[in-house]
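Below is one structure; the comments refer to it alone.
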Amino acid sequence: MSLKLSGSTQARGKDLSIADFGIPARRLVVLWVAAGLVYHGEEEEPPELMAERYLTELIDMNMVQVAQRKSNGRVKSCRLPNPLRQFLLNAAPSTISNSRMLQVADRLDRDDIWHNHIHGNNTIDSASLKDNYEDVFSFLSFDAREGSKPGQDIYNFLNLCILTDCLLLLLVLDLEGVFKPKLPENIARLTRLRRGSSSEGWSRQIGQYQKIGDSMSMSPKQEAMESQLDAVADWIMKLDCLQSLRLKSRDEEGQPWNIHLKSLENHTNLTDLYLLGSLSNPSILSQFPPSLAELVLSHSKLQDDPLEILKDLPNLRSLSLLAESYVGKKMICYSQSFPQLYILKVWKLEQLEEWDIEPEALPCLRQLELRCCQCMIKLPDGLKHVNSLLDLKLTNMPMEPMLRRIRLHPIVKST
């Protein structure tokens, strides 16, 4: 098994991010990949799939414990078994305090050396910052407190570190669970980032825009918003090592807003892309890198058929076309299209009426889910040619006209 787990012997303090509580399996897998902890040699399998398999093996060996499962039986969250956690704590050598710190996992534990640096009111001198954070490549926060203080603490700490030339080697910045985190303007200096994530979104103070990366919350002035979105697009262009990107663009009322994005063709490590918002440059779909394995589009408001544009992505394994991602009436899957696609979700495309599937299209498709496409009154006839399909799920679809065709699809499930 080619997985290297970051041990407590490599960093000052404790790095037990799955010790006391469940951490989403999705988050753990992406972090392992982004931090370069999954080595797959010459195999063609995407590192995310390999990391999932390694996680399953760790669970089978009782080295990781399942905290919660999804309705489909897959692992939703996991944690370290307490006996293993205690063993790792006791086994940590006393010399650890003299080693260079490579990872920070802020768990609001006052025993962690970084706790006062992040959450304290005391002034930190630049020499102390350099001694502790110059070589850090991974920063995770598990501060789930409500209110503005967690976000402000993150802002102050990151800003001061970057000003003193610390954290410049950062590969992973994970603020998932932090309420409305704020990021300083000098975050653009972190050009080595492979993974940036936050449930409420990243934020960067250029003018008044909040939330880079996972989501954006715009100021009331439309002109200022567009300028801020351009700044985000320029910053993303510099992240050559980016492997996972989640952009959610919303206005101050929480409604989907515009996304500005430039060509991603040179982001050859990018495998996971999630975009929520109207694409100001729809042609960007033809400028995705061939490395892309998972793509989610929501509220993109595409006029042209995305299936026609994306059909030749050689490594795409999962595609989700969610609400308002496409506003046209017809889609088509051409022969030989989507050579590696395993999962396809089509949700809430309210204008979609017709979907054609040519023979030999979708040769590897295993799961297909159609949800709330009210104008689509029949299943595509070409679906009978997709011999690899194992699971077809229909949710809130116009079922009466479809029932006549369900006999052709014994794998169909309706909810």
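The values are calculated or read from the model by the stated rules, or taken from the named source; none is laboratory data. Only a predicted model underlies this, so the values are computations on that prediction, with no experimental measurement involved. Cβ: placed from backbone, ideal geometry, glycine included. Neighbour counts: every protein chain shown. Only protein heavy atoms, including side chains, enter the accessible area calculation; ligands, DNA and RNA are left aside. Shrake-Rupley method; radii C 1.70, N 1.55, O 1.52, S 1.80 Å.
Values as computed for the structure displayed
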| item | result |
| --- | --- |
| Some residue of the stretch 372-390 being modelled with pLDDT of 90 or more and hydroxyl-bearing (Ser, Thr, Tyr) | yes |
| Test: residue 148 is modelled with pLDDT under 85, small (Gly, Ala, Ser) and over 28 Å from residue 166 (Cα atoms) | no |
| Matching option when the condition is assigned to a strand (DSSP E or B) and surrounded by 16 or more Cβ atoms within 10 Å (Cβ to Cβ), among 365, 344 | 344 |
| Checklist (1) at pLDDT 80 or above; (2) under 26 Å from residue 145 (Cα atoms); (3) not acidic (Asp, Glu) applied to residue 53, failing item | (2) |
| Boolean, residue 326 is among the aromatic types (Phe, Trp, Tyr) and within 27 Å of residue 249 (Cα to Cα) | yes |
| Residue in the stretch 106-148 that is most open to solvent (accessible area, probe 1.4 Å), counting only those that are in contact (Cβ under 8 Å) with a residue 12 or more places away in the chain and of a type in the set (Lys, Arg) | 145 |
| Neighbours by Cβ (under 7 Å, 6+ apart or cross-chain): first from the stretch 365-390, under 18 Å from residue 337 (Cα atoms); second assigned to a loop (DSSP other than H, G, I, E, B) and among the β-branched types (Val, Ile, Thr) | 365/386; 389/411 |
| Index of the failed condition, residue 270 passing every other in (1) in a loop (DSSP other than H, G, I, E, B); (2) in contact with a Gly (Cβ under 8 Å, 6 or more places away or on another chain) | (2) |
| Residues of the stretch 154-183 satisfying the condition of being at negative phi and out of contact with any Ser or Thr (no Cβ under 9 Å at 6 or more places or on another chain) | 156, 157, 158, 159, 161, 162, 169 |
| Residue, farthest from the chain's Cα centre (by Cα), within the stretch 319-341, restricted to residues that are among the small types (Gly, Ala, Ser) and surrounded by fewer than 18 Cβ atoms within 10 Å (Cβ to Cβ) | 335 |
| Residue check for residue 284: open to solvent by less than 30 Å² (accessible area, probe 1.4 Å) and within 19 Å of residue 232 (Cα to Cα) | yes |
